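Have a look at the structure below before the remarks.
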Amino acid sequence: MMTSTLFVVAIGLPLVALAASRAQGPAGQRAGGPAAPPMTLTVSGFPDGGDIPVKFSQAAPGAAPGEGTSPAISWTNPPPGTQCFVLNMRDVDVARNKTTDDQAHWVVWPLPAGTTGLPEGVPKGPTLANGAHQVSATGQMYRGPGAAANGPKHHYLFELYALDTLIDVEPGADAFETRANVFKAMQGHVLAKAAYGGLFRRPQ
């Protein structure tokens, strides 16, 4: 009889522990409790999935070849523990040098944890006012959309990553190598990601 009682207790304790763990959500949150709002990214001047205005492109009046005016960008609800952000803008319709590499339109890193956005018209240069680096296929600047007028609209994607560590990657002479190094440093540290897309081709 004593053996039977011990067996029931031994089986019962793991079941109680399992039930208690199932009552908890991620990071100890009670099941059924309010979920944390997702991180969101907004690019001013056009709706998500809409047409990017010419003013933010290489075709804007007065824009130097391969340059342009960057749009205002903002984000909300970064997850707890965020130490920095990385912003990546790319043209997903470009296959660079017969590889899976796409066009590097803007990489900005590491944006300080307290940052909630970037203003319109970020100046060119290796370092932003907040200390972050920037690079693109054009150079140390924003590269506006520039898809040809005689082809289909290209899909331009803005991606924001929240990281649990402050990455330290020095910009190099090659934008694509630098972007690869930034993404390598990000691996295993991404807490959240948000994206915002737009379409563009040059006016006829």
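The values are calculated or read from the model by the stated rules, or taken from the named source; none is laboratory data. What you see is a predicted model, and the numbers here were worked out from it, not measured in a lab. So basically every Cβ, Gly included, is an ideal-geometry build from the backbone, and we count neighbours across all protein chains shown.
Residue by residue, here is whether (1) of a type in the set (S, T, Y); (2) crowded, with 18+ Cβ neighbours inside 10 Å holds:
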residue: V135; (1), (2): no, yes
residue: Y161; (1), (2): yes, yes
residue: A173; (1), (2): no, no
residue: K193; (1), (2): no, no
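The number of residues in region 173-191 being touching a strand residue (DSSP E or B) at 6+ places or on another chain (Cβ under 8 Å) and more than 22 Å from T82 (Cβ to Cβ) comes to 3.
Among residues of region 156-183 that are not assigned by TED's automatic domain parsing to the domain that holds H133, none has a Cβ under 8 angstrom from a residue that is modelled with pLDDT under 95 at a sequence gap of 6+ or on a separate chain. Scanning region 78-137 for residues that are more than 21 Å from A194 (Cα to Cα) and in a strand (DSSP E or B) yields a single hit, T127.
Of the listed requirements (1) in a helix (DSSP H, G or I); (2) of a type in the set (A, V, I, L, M, F, W, C); (3) over 13 Å from the mean Cα position of the chain (by Cα), A147 misses just one: (1). Could you please let me know if A194 is outside any loop (DSSP other than H, G, I, E, B), in contact with a strand residue (DSSP E or B) (Cβ under 9 Å, 6 or more places away or on another chain), closer than 16 Å to W75 by Cβ and at pLDDT 95 or above? It is true that A194 is outside any loop (DSSP other than H, G, I, E, B), in contact with a strand residue (DSSP E or B) (Cβ under 9 Å, 6 or more places away or on another chain), closer than 16 Å to W75 by Cβ and at pLDDT 95 or above. Residues of region 50-77 that are in a loop (DSSP other than H, G, I, E, B), under 19 Å from A149 (Cα atoms) and not aliphatic (A, V, I, L, M): P53, S57, Q58, P61, G62, P65, G66, E67, G68.
Report yes if some residue within region 23-46 is modelled with pLDDT of 50 or more and of a type in the set (D, E, K, R); otherwise report no. No, region 23-46 contains no residue that is modelled with pLDDT of 50 or more and of a type in the set (D, E, K, R).
Filter region 67-91 for residues that are more than 22 Å from M39 (Cα to Cα) and surrounded by fewer than 16 Cβ atoms within 10 Å (Cβ to Cβ) and give the result. Within region 67-91, none qualify.
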